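We did not get these values from a lab; they are worked out from the coordinates using the rules stated. The model shown is predicted, which means the values in this text are computed figures rather than measured ones. Every residue, glycine as well, gets a Cβ built from its backbone with ideal geometry; the counts of neighbours run over all protein chains shown.
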Amino acid sequence: MTKRLKFKDALARLIIAGQKDSTWRLFDDKHLAEGDVVECVNADTGEKFAEAVLTKVYEKKIGELDEFDFAGHEKFATNEEMYRTYRSYYGDRVSSETVIKIARFRLVD
């Protein structure tokens, strides 16, 4: 079964434009791993917009993220904005101790 990653419309556009090649996932129920080929789906329309291969996958606590982890990922003005964003996706269980899975990817033809 193909793994699917959903992205909000604005993020899907960044991926297509080559400005985003990293995604952060909390509470990973897909067991994302290096080498996986995934369908990228626009969460707002439900349409597949690309396929990608995961080139690097690792985990760390949100509170331990550093500049390297933000490479290829959208930036946040403040840590509070980052927490607010992820709480809107995953609920109030998101804290600095929450483990985040960082997946870098490249689009495939």
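Put a dot 7 Å past the Cα of THR55, heading toward its Cβ, do the same for ARG87, and the two dots end up 3.5 nm apart. In terms of distances greater than 21 angstrom between alpha carbons, the cross-link table entries LYS8/LYS61; LYS8/LYS60; LYS3/LYS48; LYS8/LYS30; LYS3/LYS75; LYS20/LYS48 yield LYS8/LYS61; LYS8/LYS60; LYS3/LYS75. Could you give the longest part of the chain that holds none of the GluC sites (Glu not before Pro) found in DSSP loops with at most 16 neighbouring Cβ atoms within 10 Å? Here the longest segment lacking exposed loop sites spans 1-33. The value obtained for the range 45-109, namely the Cα convex hull volume divided by the number of residues, is 112 Å³ per residue. Compactness ratio for the chain: Cα radius of gyration over 2.2 N^0.38 Å (N = residue count) comes to 1.02. Of all DSSP bridge pairs formed entirely within the chain, close to 80 percent run antiparallel.
The slack in the chain from LEU26 to LYS8, taken as 0.36 nm per residue of separation less the alpha-carbon distance, amounts to 4.9 nm.
The calculated FRET efficiency for PHE70 paired with MET1, based on their beta-carbon distance and R0 = 30 Å, is about 0.45. When only Cα pairs below 8 angstrom with a gap of at least 6 residues are kept, the chain shows a relative contact order of 36 percent. Between the helical axis of 79-90 and the dominant principal axis of the chain, each derived from Cα atoms, what acute angle in degrees is found, rounded to the nearest 10? The answer is roughly 60 degrees.
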